[in-house]
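Bear in mind that the values in this text are calculations on the coordinates, not laboratory data. Fair warning: this is a prediction, and the values are worked out from it, not measured in the lab. Heads up, the Cβs are rebuilt from the backbone with ideal geometry, glycines too, and the neighbour counts pull from every protein chain shown.
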Amino acid sequence: MAQELTTQAGRNIARSGEDSDRTAMAFTPAVDIFAQGDVTVIKADMPGVAPDDVEVTLERQVLTLQGRVRPHAPEGYRRLSQEYREGDYLRVFTLSDEVDQKRIKADFKNGVLRLELPRAAEAKPKKISVKAA
């Protein structure tokens with residue numbers, strides 16, 4: 001089932017058109033993809049993202065994972081040094097016909113987005129009985 005997903009991750013870091021105090025960046029989150037029975041599981045790391053700032057969309061066969069990171073500096077403070085690069089997360093996958101798109105589940109906990117992509121019934125192997133002639 002690993003071939004059911006095609007990653008469309010381009011560069012790891014892409015500049016956004018936004019101008020602000022911080023450099024607007026889009027990072028490609030690291031993902032692990034594995035099979036668990038008839039389900040493909042995707043885990044995407046999105047540190048610094050709040051649960052309300054995670055968005056998963058599915059249009060046709062394109063699955064998009066997005067996470068928005070809010071600035072960490074408290075309001076009214078002037079940043080003197082910054083080693084942690086702030087930016088949003090974006091990852092896009094193309095799903096195969098073998099994924100049951102109506103039963104996809106997603107949850108977000110401790111900065112990790114977990115998706116379950118079940119295999120469609122039509123894609124599961126079927127046993128064909130052979131009769132003696």
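Each Lys and Arg adds +1 at its Cβ and each Asp and Glu adds -1 at its Cβ; summed about the Cα centre, the stretch 26-88 shows a dipole of about 240 debye. Dipole orientation for the stretch 47-133: of the candidates ALA106, PRO125, SER96, PRO125 has the Cα lying most toward the positive pole (charges on Cβ; Lys, Arg +1; Asp, Glu -1). Dividing the mean sequence gap of close Cα pairs (under 8 Å, 6+ apart) by how many residues the stretch 34-80 holds gives a relative contact order of 27 percent. The dipole here belongs to the stretch 49-133: it is taken about the Cα centre, uses +1 on the Cβ of Lys and Arg and -1 on the Cβ of Asp and Glu, and is about 500 debye.
Footprinting exposure proxy ranking of LEU113, LEU58, LEU80, fewest other C-beta atoms within 10 angstrom first, gives LEU80, LEU58, LEU113. Each Cα pair under 8 Å and six or more residues apart adds its separation to the average, and for the stretch 45-111 the resulting relative contact order is 38 percent.
Pairs with C-alpha atoms separated by more than 22 Å, drawn from the list LYS43/LYS109; LYS43/LYS102; LYS43/LYS127, are LYS43/LYS127.
For the stretch 96-133, backbone nitrogen atoms closer than 14 Å to the point 7 Å from ARG60 Cα along Cα-to-C-beta are found at 96-97.
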